[in-house]
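Notes follow once the structure below has been shown.
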Amino acid sequence: MHSEQVTAEPPSKVDDVPSPASGADRAPLDFDVIIAGCGPTGAMLAAELRLHEVRVLVLEKETEPASFVRIVGLHIRSLELMAMRGLLDRILPHGRQRPAGGFFAAIPKPVPKGLDSAYAYLLGIPQPVIERLLEEHAIELGAQVRRGCAVAGFEQDDESVTVELADGQRLRSRYLVGCDGARSTVRKLLGVGFPGEPSRNDTLMGEMKVGVPQEEIAAKVTEISGTHHRFWLRPFGEGIYSVLVPAARVSDRAEPPTLEDFKQQLRTIAGTDFGVHSPRWLSRFGDATRLAERYRVGRVLLAGDAAHIHPPIGGQGLNLGVQDAFNLGWKLAAQIRGWAPETLLDTYQAERQPVAEDVLDNTRAQAELLSTEPGPQAVRRLLTELMDFDEVNRHLIEKITAIGIRYDFGEGPDLLGRRLRDIDVKQGNLYGLLHRGRGLLLDRTERLTVGGWSDRVDHLADPTAALDVPCVLLRPDGHVAWIGDDQQDLDDHLSRWFGKPAG
């Protein structure tokens, strides 16, 4: 979904990946793509690849899905992407819709009026549920998932990647993608730097029952939350509360906290432990912030937490990874199917790394605003006043929910490079036309054609479409790659994003 100008530099010699070839001295390819990690990013990427009949294997080191019931939030842009693939109706019954406001540093401001989306809400959903639904989606499309299989090593050449598993088995694929989390084995074996800041503050988070009346909890939380912004007890239904409290010290997050850790910190901050008991799950998180120096080395790529980590302030982490997968999936499939323009795969890093940089910066800013020190508190009070201006509040919400992203496709109207909201078209709604993960020409002139690109780009001639421009060309991830009404100009941009025409 890029238009006017591809901002990625031409591939360097080390990254120049020729189309696969099978030499007589090579073992046969087992898969087109092997994905390490079956979290939301890995499962979503597998599904995106399967839409284009790419042979996919997902390796997950855990033998069973996670059992803890941590609640995560799907922001507006992720909800839009789910709608584009026909997944939203499957996901909605498992979550709770909440207003899309108050995300930035937990500053309680209302939702700006008229957010430019049909899905302007937050969907809170248990993490094991969204992981299960995305994994099932990938499997239904034909992806293979092997649990209890960890990547132990790999080597790549100009034709393939040979992946060694922990049990010694070796598999050969055209590409390997590390979606294996913050401690990514793939990233470490690849030798990609992961610069940033280590954790300075840890926070305890969990769900448990309490032993005091709700009114007493509410009064105490109101009293404390004015100065301690990393503190809450929120009712979650059936007597369960979500509890957040600063940890006593920074420690190894591989060691889960205990209920006694929560009690001790609650007593320190609130003067009472609220009689907490019967935890459903307990965890800790820090504010480490790191970004991979590269997202691709040859035939090995990184996505999700393997490429970037940051504090969970604003709930952007899972969303950022899923959006990585949507950006990468169609591009990697195009490379494998043989029609990708020369620099298409390089645009994955060119587009997604700056987005991650922005998320890291806004979480750094939010972390400062949560500090109890006088300086950050003064800045927080000032920003709270500024957010009374609709433009400021709207800008921050669009940043957190990722609907303000504009990829750099060169000169053109403001819509160029942005995602197009779901609009009414004569066949129903726009996102309903994107379920197959193909490009789409939305043609209000009824004069244009996708010609030799019809095997990868759909065409809808609809003079009634709710657009204020003549025609748009959408990439499979819903970003506007071209705006205009000239056939030759359109053909140039079809070539830029979708390669040479067939035939």
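Among beta bridges from DSSP that stay inside the chain, the antiparallel ones total about 70%. Counting only Cβ charges, +1 for Lys and Arg and -1 for Asp and Glu, the dipole size of the chain around its Cα centre is about 1140 debye.
The length gained by stretching the chain between Asp89 and Glu164 to full extension, at 0.36 nm per residue less their Cα-Cα distance, is 23.2 nm. Working from label points 7 Å from Cα in the Cα-to-Cβ sense, the Arg234 to Lys188 distance is 3.3 nm. On a per residue basis, segment 387-453 carries 46 Å² of accessible surface, using protein heavy atoms and a 1.4 Å probe.
Shown here for segment 27-129: trypsin sites (Lys or Arg not before Pro) in loop regions (DSSP other than H, G, I, E, B) with at most 11 other Cβ atoms within 10 Å, namely Lys113.
Taking a span of 27 Å or more along the helix axis (Cα atoms) and a mean Kyte-Doolittle hydropathy of at least -1.0 as the rule, the DSSP H helices of the chain that qualify are 317-337, 347-369.
In straight-distance terms, cross-link reach from Lys188 covers every one of the lysines whose alpha-carbon lies under 20 Å from its own, apart from those fewer than eight places away in the same chain; here that gives Lys61.
Work out the P(r) tail for the chain: percent of alpha carbon pairs separated by more than 45 Å, whole number. Cα-Cα pairs of the chain separated by over 45 Å account for 15 percent. Site pair Asp390 and Asp424 shows an inter-label distance of 2.3 nm when each label is modelled 7 Å from Cα along Cα→Cβ. Annotation: for a label point projected 7 angstrom from Cα along Cα→Cβ of Asp358, residues of segment 451-492 with backbone N closer than 14 Å are 479-480. By DSSP, the beta bridges lying fully in segment 406-503 are antiparallel in about 70 percent of cases. Applying 1/(1 + (r/R0)^6) with r as the Cβ-Cβ distance of Arg147 and Leu460 and R0 = 45 angstrom yields a FRET efficiency of 0.65. Taking the convex hull of the alpha carbon positions in segment 156-263 and averaging its projected area over all directions gives 11.3 nm².
A DSSP coil position with no more than 13 other Cβ atoms inside 10 Å describes the following GluC sites (Glu not before Pro) in segment 209-253: Glu238.
Just the protein heavy atoms count here, and of the accessible area of the chain at 1.4 Å, carbon and sulfur take up 49 percent.
Going 7 Å from the Cα of Thr343 along its beta-carbon direction, which residues of segment 280-303 have the amide nitrogen within less than 18 Å of the resulting point? Answer for segment 280-303: 295-298. Kindly state, to the nearest 0.05, the FRET efficiency for Val250 paired with Arg132, given R0 = 35 Å and r defined as their beta-carbon distance. With R0 = 35 Å, the Cβ-Cβ based efficiency is 0.60.
Using 0.36 nm per residue and subtracting the Cα-Cα separation, the extra length available between Leu259 and Ala118 on full extension is 46.6 nm.
Compared with the alpha-carbon gap, the fully stretched path from Thr222 to Asp489 is longer by 90.2 nm at 0.36 nm per residue. Pairs of alpha carbons in segment 34-167 separated by more than 18 Å make up 61% of all such pairs.
Projected label points at Ala378 and Asp30, each 7 Å from Cα along the beta carbon direction, are separated by 6.1 nanometres.
Reducing segment 177-203 and segment 94-119 to their Cα centroids gives an inter-centroid distance of 30 Å. Considering only Gly42, Leu133, Ala461, and ranking their Cα positions along the charge dipole of the chain that arises from unit charges at the beta-carbon of Lys, Arg, Asp and Glu, the one farthest toward the positive end is Leu133. Looking at segment 426-503, the trypsin sites (Lys or Arg not before Pro) that sit in a DSSP loop and have at most 16 other Cβ atoms within 10 Å of their own Cβ are Lys426, Arg436, Arg447. Counting only residues at least eight positions apart within a chain, or on another chain, the lysines with an alpha carbon under 28 Å from that of Lys109 are Lys220, Lys399.
Under 17 Å of direct C-alpha separation, and excluding same-chain neighbours fewer than eight residues apart, Lys500 reaches these lysines: Lys331.
The values are calculated or read from the model by the stated rules, or taken from the named source; none is laboratory data. Model, not experiment: these values are computed from the prediction. In this analysis, Cβ positions are derived from the backbone assuming ideal geometry, glycine residues included, and neighbour counts consider all displayed protein chains. The protein model used for the area step is the full one, side chains on, heavy atoms only, and it has no ligands, DNA or RNA in it. Shrake-Rupley method; radii C 1.70, N 1.55, O 1.52, S 1.80 Å.
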